[in-house]
Amino acid sequence: MNHKLNTYRLMLLPYSVWSVLFILVPLAFVGYYAFTDDSFSFTLEHFTRFFTATSTIANDDGTTQEVRTYVLIFLRSVRLACISTFICLLLGYPLAYIMSKAKERTQNLMMTLIMIPMWMNFLIRTYAWMTIMQDTGILNNILESLGFARIRIIGTETAVIIGMVYDYFPYMVLPIYSIMAKMDTRLVEAARDLGCGSLAVLRRVIFPLSLPGVISGITMVLIPSISTFYISQKLGNGKFLLIGDVIEGQYVANNLHFAAAIAFILMVILLAAMAVVKYGTERYVYGGESE
């Protein structure tokens, strides 16, 4: 028994070393920079600046108002990330279900088609969408050839959402598919024998059983969508900032302490959200709390 335990610990050693060097140590540096100033003295100034910094914006009626700059940018990031995640779920859930019910050869083919874009570089995929959606791009040329007017997509929030959905869509499909592929079909058959229709089976059996995959997919799409910056820079034409753009901009401007503080705030918020999701999953999914 002790020999097996020592073997397991030895097998975990490479992962443990990797985690310490490339996860814990960088996080420690982020925390250290976030709570210090340029002279590396302790300060909370960067956090205060994030929550209190304001700017003046013009309203449609010609009036102006003061808004909290970085809080507004963060809320915009969350809004776009939530929209992208919802679209990924709306499209990915039926696809994952269809894949799980298909023949093995068809499943492998569909899996390959989903994974192929991920084999290409992230920057190349983003530039490809720029070519498609720009004013003189492929999409507008097709619309013009069909007799329709050209539309403005690039440089809008819609373009950013399309980029997020395209880049993170596989992260929604794969966790849901992995759960559905292992689902006990006898439970579905039993529900039908008890008089459940298709919608009732979906609502009472399939969706509850697939919920761990749904939660995992939402987490894997939402977190990178909130912190992304390259998609908004290229597909948004830099016309509006997301929180990832702010962090990247502060880093380029050598404001390392403020950049670290923003990253630290974002990390705490995301970890708190993941903890809530984990608690809800364990209590209501795995714990089976009954009403």
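Would you be able to say whether some residue in the stretch 170-177 is buried (at least 16 other Cβ atoms within 10 Å of the Cβ) and either in contact with a Lys or Arg (Cβ under 6 Å, 6 or more places away or on another chain) or of a type in the set (Phe, Trp, Tyr) (or both)?
Just the residues of the stretch 170-177 that are buried (at least 16 other Cβ atoms within 10 Å of the Cβ), to begin with: 170-177.
Now restrict to residues that are either in contact with a Lys or Arg (Cβ under 6 Å, 6 or more places away or on another chain) or of a type in the set (Phe, Trp, Tyr) (or both): 171, 177.
Yes, the stretch 170-177 has at least one match.
Would you confirm whether any residue within the stretch 58-72 is among the aliphatic types (A, V, I, L, M) and assigned to a helix (DSSP H, G or I)?
Step one: of the stretch 58-72, the residues among the aliphatic types (A, V, I, L, M) are 58, 67, 71-72.
From the residues that got through so far, the ones that are assigned to a helix (DSSP H, G or I) too are 71-72.
Yes, the conditions are met somewhere in the stretch 58-72.
Restricting to the stretch 131-172, and then to whatever is charged (D, E, K, R) and under 21 Å from Val221 (Cβ atoms), can you tell me which residue is farthest from the chain's Cα centre (by Cα)?
Going through the stretch 131-172, the residues charged (D, E, K, R) turn out to be 135, 144, 150, 152, 157, 167.
Narrowing further to those that are under 21 Å from Val221 (Cβ atoms): 157, 167.
Working: Glu157: 16, Asp167: 9 Å.
Step by step, filter the stretch 131-172, then rank; the result is Glu157.
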* Structure fact -> Counted residues in the stretch 17-33 being touching a helix residue (DSSP H, G or I) at 6+ places or on another chain (Cβ under 9 Å) and either more than 18 Å from Tyr251 (Cβ to Cβ) or exposed (fewer than 10 other Cβ atoms within 10 Å of the Cβ) (or both) come to 0
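Yes/no per residue for (1) in contact with a Leu (Cβ under 6 Å, 6 or more places away or on another chain); (2) within 20 Å of Val268 (Cβ to Cβ); (3) at pLDDT below 85:
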{"residue": "Asn2", "(1), (2), (3)": "no, no, yes"}
{"residue": "Leu5", "(1), (2), (3)": "no, no, yes"}
{"residue": "Tyr8", "(1), (2), (3)": "no, no, yes"}
{"residue": "Leu12", "(1), (2), (3)": "no, no, yes"}
{"residue": "Ala28", "(1), (2), (3)": "no, yes, no"}
{"residue": "Gly31", "(1), (2), (3)": "no, yes, no"}
{"residue": "Thr36", "(1), (2), (3)": "no, yes, no"}
{"residue": "Thr54", "(1), (2), (3)": "no, no, no"}
{"residue": "Ala58", "(1), (2), (3)": "no, no, yes"}
* 3 or more residues of a type in the set (Gly, Ala, Ser): qualifying helices (runs of 4 or more DSSP H) within the stretch 183-291 -> 207-227, 256-280
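Out of the stretch 229-244, which residues are buried (at least 20 other Cβ atoms within 10 Å of the Cβ) and closer than 24 Å to Thr48 by Cβ? Show your work before the answer.
Filtering the stretch 229-244 down to residues buried (at least 20 other Cβ atoms within 10 Å of the Cβ) leaves 231-232, 235-236, 241-244.
The answer is Leu241, Leu242, Ile243, Gly244.
In this structure, is Thr54 within 28 Å of Leu222 (Cβ to Cβ) and either surrounded by fewer than 11 Cβ atoms within 10 Å (Cβ to Cβ) or touching an Asp or Glu at 6+ places or on another chain (Cβ under 6 Å) (or both)?
On the way: within 28 Å of Leu222 (Cβ to Cβ): yes; either surrounded by fewer than 11 Cβ atoms within 10 Å (Cβ to Cβ) or touching an Asp or Glu at 6+ places or on another chain (Cβ under 6 Å) (or both): yes.
Considered against the rule, which asks whether it is within 28 Å of Leu222 (Cβ to Cβ) and either surrounded by fewer than 11 Cβ atoms within 10 Å (Cβ to Cβ) or touching an Asp or Glu at 6+ places or on another chain (Cβ under 6 Å) (or both), Thr54 comes out as yes.
The values are calculated or read from the model by the stated rules, or taken from the named source; none is laboratory data. Keep in mind it's a predicted model, so treat the numbers as computed, not measured. Glycine also receives a Cβ, built like all others from the backbone with ideal geometry; neighbour counts cover every protein chain displayed.
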